[in-house]
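Data first, discussion second: the structure below is written as structure tokens.
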Amino acid sequence: MPKKRPAAIALAGALCLVTSACAGSSTDTGAADGKVEAAAAKSGYPVTLENCGVTEKITEEPGRVVVMNGASVAEVSTLLALGVQDKIVANQQSYGMSEVAGRSAAIRALPDGDVKLNDAYDVPREAMIGLRPDLVLSTTSYGFDEKNGFATRGQLKQVGANTYVSPQGCDQDTTRMTTADSYTLLRDMGRIFDRSDRAEKIVAASEKHIAEVAGKVQGEKQPKVMVLFSNMAMGGNDFSSVVAKGIYNDILAKAGGSNAFENTSKTSFADLSKEKVAATDVDALVVIGYNDPNPAAYARKLLKEFPQWPAAKNNTYVALSDSMYLGPSNDLAVEKIAAMLHPDRV
């Protein structure tokens, strides 16, 4: 995940109304409470999640959701996939493009809450409280760090908002992230929004698709792939947005490839010199477009710059976007990369 940095509770009120109206009879009160509990159970609430050491109890479907930036589209894409975009009052996520038809337009159509972002390109504390959220989603715990000017999870709880940090985001280390974490995010949001059936259908379809593709390329030689974000600098060297570890490698493996730069960094991204890149055999190129209107042009530029690469000699590249990161569409990345690496098998 590229770091884009320089670089209230209605059900409780309803319960009070019910018990107040029936206060004249202990028998009636018990019956009313029973009806409320039955209705809650039928709807799937309450939902309790243990999330990064914080217990979150959701008593009804959220209706004022804020999606923080986090240089991600995982959370907003998951909500769109579950069909709960009408619950979003402010979204700060966008890649500008998507492998899913209509998704980018759907994201652009979401409200942004008219928020003035802080120096970390995200929703500052005062603006967040002013949005009156009942659920705030952040890719990592960074989005709830007070020293960065954000509202903490405790402060948001005080104003009636639940909070959620996406899988592998607790310690801001996404190096261990896999496609399984995308399924965890889907299932958690499915529980929170009472859309578990829909979440399970999406997970099952994705798993089936990936298994079919992986089966076709099983046993094939694994080309060495360079994965990087187009026209993005995150460090001091020429190539500071080269992927080293994380969900990208899991996707590559399922597609029948391997990361040419996996061992160049212990973190998610490597900060490489042009000389290091030139000295590495790159069989194929995956360029991720993060608000870049033409990542394919960037890919072609790189192939021209390093003509000695097998990737350049064979013009082997693919430009992708949200399917390469945490979210509901990893199967599309697996298919597209596999088709690039093993065109005779996929």
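The values are calculated or read from the model by the stated rules, or taken from the named source; none is laboratory data. The shown structure was predicted, so the numbers you read here are calculated from the model rather than taken from an experiment. Glycine gets a Cβ as well: all are built from the backbone with ideal geometry, and neighbour counts include every protein chain shown. Side chains are part of the model used for accessible areas, which takes the heavy atoms of the whole protein and leaves out ligands, DNA and RNA. Shrake-Rupley method; radii C 1.70, N 1.55, O 1.52, S 1.80 Å.
Below is a table of values for the structure above.
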{"quantity": "In sequence order, calculated HN-Hα J values of region 126-131 (Karplus, 6.51, -1.76, 1.60; Hz; x Gly/Pro)", "calculated": "4, 5, 4, 4, x, 6"}
{"quantity": "Rounded if a/c under 1.5, otherwise prolate or oblate - region 241-296, Cα gyration tensor axes", "calculated": "rounded"}
{"quantity": "Cβ charges +1 (Lys, Arg) and -1 (Asp, Glu), total dipole of the chain, debye", "calculated": "600"}
{"quantity": "Calculated on alpha-carbon atoms, Rg and Dmax of region 126-176 in Å", "calculated": "11.0, 35"}
{"quantity": "Estimated [θ] at 222 nm from DSSP helical runs (n ≥ 4, -39500 (n - 2.57)) normalised by residues in the chain, nearest 500", "calculated": "-11500 deg cm²/dmol"}
{"quantity": "The chain, accessible surface, carbon-and-sulfur percent (1.4 angstrom probe)", "calculated": "50"}
{"quantity": "Prolate/oblate/rounded label for region 47-173 (Cα gyration tensor, a/c 1.5)", "calculated": "rounded"}
{"quantity": "For region 165-234 versus region 312-344, the gap between their alpha-carbon centres in whole angstrom", "calculated": "13"}
{"quantity": "Label-point separation, SER258 to THR175 (7 Å along Cα→Cβ), nm", "calculated": "1.9"}
{"quantity": "Per residue solvent-accessible surface (Å²) - the chain, probe of 1.4 Å", "calculated": "44"}
{"quantity": "By accessible area with a 1.4 Å probe, ligands and nucleic acids excluded, highest first: order of ARG132, ARG300", "calculated": "ARG132, ARG300"}
{"quantity": "Full-extension gain in nm, GLU50 to SER265, via 0.36 nm per residue minus C-alpha separation", "calculated": "74.3 nm"}
{"quantity": "Förster radius 35 Å - calculated FRET efficiency between ALA211 and LYS276, Cβ distance, rounded to 0.05", "calculated": "0.50"}
{"quantity": "Quotient of C-alpha Rg and 2.2 N^0.38 Å, computed over region 139-241", "calculated": "1.45"}
{"quantity": "Cβ-derived FRET efficiency at R0 30 Å, LEU117 paired with ASN315, nearest 0.05", "calculated": "0.15"}
{"quantity": "Dimensionless Rg/Rh of the chain - Kirkwood Rh, Rg from C-alpha atoms", "calculated": "1.05"}
{"quantity": "PHE306-ASP86 FRET efficiency (beta carbon distance; Förster radius 56 Å; 0.05 resolution)", "calculated": "0.75"}
{"quantity": "TYR317 accessible area, assembled protein chains, probe 1.4 Å, Å²", "calculated": "60"}
